[in-house]
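Chemist: This is the structure I have questions about; it appears just below.
The values are calculated or read from the model by the stated rules, or taken from the named source; none is laboratory data. Note that the coordinates shown come from a computational prediction; the quantities given were computed from them, not determined experimentally. Glycine also receives a Cβ, built like all others from the backbone with ideal geometry; neighbour counts cover every protein chain displayed.
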């Protein structure tokens, strides 16, 4: 979400001082790629606590997310060399965050549920389509009966016939994609195991799922759409662990 959209949505929650600070930043020609919380506080002549509270009231989870959107909004004023470094730094930071999140999950339980499932269905939409197709192929190569569906009607129709012996993997950036939320609510009635792969944070699908594989939250604005790189990393991690489990079982036989 863009900086201005955040402001429009959350202006009512901000104090007069916070609004002044925000508007001062928007007008500033001194924003650089190495901007820090302290530099913003010094520039607007307020405490870092005030700036941090402003960022929270704008709806950001962290200064890092706010900083990225601020620099993106002021990108035309920042020298190209600084912009390139900022972009790479941001990508590196988010990749390390995703890896850290992947280390925290109990992936073995997810792998075991996938391997013992009678059928596995992968559901997604939009930018997740190509990842869903890749996941379907990789699961099939592991001799897992898996199908990927991106058509809303087919997804709902086929998942309605699943039982507690089956498993569904949901690919959703936000965990709030309406048609996917409806599918999860429907299949949970039949006791279907649900694995959610998406961004970290509270979401409807995340709350309903039996297992969650979360990745770093990445900002989107206009044509700068998220390519789902982090979801792809999570899927690659999951399939590699499935392959390791299959090979380990064979070696023990």
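Chemist: Given the conditions (1) closer than 26 Å to residue 240 by Cβ; (2) within 18 Å of the chain's Cα centre (by Cα); (3) part of a helix (DSSP H, G or I), report the number of the one that residue 196 does not fulfil.
Modeler: Status for residue 196: all satisfied but (3).
Chemist: If you scan region 92-150, which residues turn out to be free of Cβ contacts under 8 Å to residues at least 60 places away in the same chain, surrounded by 19 or more Cβ atoms within 10 Å (Cβ to Cβ) and farther than 29 Å from residue 65 by Cα?
Modeler: If the condition is that a residue be free of Cβ contacts under 8 Å to residues at least 60 places away in the same chain, surrounded by 19 or more Cβ atoms within 10 Å (Cβ to Cβ) and farther than 29 Å from residue 65 by Cα, then 120, 121, 122, 136, 146, 148, 149 are the ones that fit.
Chemist: Same structure, new question: Might you check whether a residue that is surrounded by 15 or more Cβ atoms within 10 Å (Cβ to Cβ), farther than 21 Å from residue 214 by Cβ and in contact with a strand residue (DSSP E or B) (Cβ under 9 Å, 6 or more places away or on another chain) occurs anywhere in region 167-177?
Modeler: No, every residue in region 167-177 fails to be surrounded by 15 or more Cβ atoms within 10 Å (Cβ to Cβ), farther than 21 Å from residue 214 by Cβ and in contact with a strand residue (DSSP E or B) (Cβ under 9 Å, 6 or more places away or on another chain).
Chemist: Right, next: Exactly one of these conditions fails for residue 153: (1) surrounded by 13 or more Cβ atoms within 10 Å (Cβ to Cβ); (2) at pLDDT below 95; (3) more than 20 Å from residue 134 (Cβ to Cβ). Give me its number.
Modeler: (1)
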